[in-house]
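Heads up: the structure comes next, in structure tokens.
The values are calculated or read from the model by the stated rules, or taken from the named source; none is laboratory data. Note that this is a predicted model, so its numbers are computed, not measured. Counting neighbours? That spans all protein chains shown, and the Cβs are built from the backbone with ideal geometry, glycine included. Just the protein is used for accessible areas: all its heavy atoms, side chains included, with ligands, DNA and RNA removed. Shrake-Rupley method; radii C 1.70, N 1.55, O 1.52, S 1.80 Å.
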Amino acid sequence: NADAIKKFEDKMNERSKVLARQDRARRKATRKPRLDVVTAAYPYLPLEVYPGVPLDDLFDELENDEAVRKLNRERAVLMRDPAKNAAALNKLEDDVSKKARELAKKKSPAAAYPFLDQEPEGVPLGSLVDDLKADPQFAKLDGDRNELMKDPVKNADAIKKLEDGMNARTRELAKKKSPAADYPFLDKEPEGVPLASLMDALHDDPEFSKDDARRKELMADPTKNADAIKKLEDAMNARMHEVAKGGVPTRKPRERKARKAGAEASHPFLDEEPYPGVPLGDVSADIARDPEMQKMSAERDQLMKDPAKNAAALDKLENAMNARARELAKKKSPAAAYPFLDQEPEGVPLGSLVDDLKADPQFAKLDGDRNELMKDPVKNADAIKKLEDGMNARTRELAKKKSP
């Protein structure tokens, strides 16, 4: 029986391996990408592209969409000089954002209601779905419609009547969630523009925001401050009309800094410039792919469940993550072209000296001679070493001028 038992055990072992492989494949297929990977690829997109649709849920759609892929290729070219190409980058990233929103709408719970106004009272339908499902009046209409949809041709008129009723109820609920609901004193359609669609622009406007903040202070005692409040509300209405006419910018210009890679969103504790000459955005993709950083990031996620209790451990871990980010950034530094130079001459990071070195005639001459000799590094080994020693000496001289 020993042979039979052995044979049976081998068969069970093989079956276990097959099941394990299938389970790994299934988990891999259903696993969402890490948020930091997604934000590294699309650092300029919001974490919730459309209400109810987080960015990481949309990653596959974005990566497989031909229009987005084309825009990504164009963006990669523009990112070689982001300062020079800032305007073009803003426009291109706006195009990606619009496309992402279109794709997200298809994944939104609101997609089940294509006949409803997609932005009732200026409120995205996706952010209303839970309210609609919890509303008895809407649920009754929805149930009746589902019943009639068993024969949509025969019941077309009745279905249309129900859908009109559902739209009306949606608008009623949307009014309670409208961004304009906090401003009942403002005109509802200044210059023919729906108030809800102006709210972002108004919040971005310094003059309106200043009056708004002052009004909220005065509302602590609305009776005593009635005259001052009325004066502010009149001023806010006037300013809103100017914004609606297009007489002032309707949104703040976005700075390039706000569009650095996703490490700034997923790792806000990292240095903005982990190594001189290398901003965090430029190394964000490397951080997202780095196994060591991924491991520390997972540990930090666990500790963040109780940040007060784990404050000391978090501090230690974040310091380690900053150190690792610095290592990764060093590889992308312009100084990486000079691996033979002291990386911190006179205590000054080499990355912060590169521009000085390139502008220095003495260093440039040595560098040019070395590049010529590097055509045959074996034959010219001694001469190359002598030049590199000279370049190191010159680097130290320049570093002394920058040394703290």
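Take the Cα coordinates of the stretch 47-114, assign each an equal point scatterer, and use the Debye formula without solvent to give log10 I(q)/I(0) at q = 0.15, 0.26 Å⁻¹. The calculated log intensity ratios at q = 0.15, 0.26 Å⁻¹ are -0.52, -1.09. Modelled label positions at residue 379 and residue 172, each set 7 Å beyond Cα in the direction of Cβ, lie 9.1 nm from each other. For a straight C-alpha distance cut-off of 18 angstrom, the aspartates and glutamates reachable from residue 99 (same-chain residues fewer than eight places away being disregarded) are 48, 56, 57, 60, 61, 63, 65, 66, 74, 119. Each of residue 144 and residue 7 was given a label point 7 Å from its Cα along the Cα-to-Cβ line. The distance between the two points is 7.1 nm.
Each peptide in 60-70, 316-326, 347-357, 279-289 receives the mean, over its residues, of other Cβ atoms within 10 Å, and ordering these scores from highest gives 279-289, 347-357, 316-326, 60-70. Between residue 393 and residue 207, the modelled labels are 6.6 nm apart [label points 7 Å from Cα along Cα→Cβ].
Stokes-Einstein diffusion for the stretch 309-382, with the hydrodynamic radius set to the Kirkwood value over Cα pairs and evaluated at 20 °C in a medium of 1.002 mPa s, equals 142 µm²/s. Per residue, the stretch 65-121 exposes 58 Å² of accessible surface when a 1.4 Å probe is rolled over the protein heavy atoms with every protein chain present.
Descending by average beta-carbon neighbour count within 10 Å, the peptides 135-142, 369-376 line up as 135-142, 369-376, the highest first.
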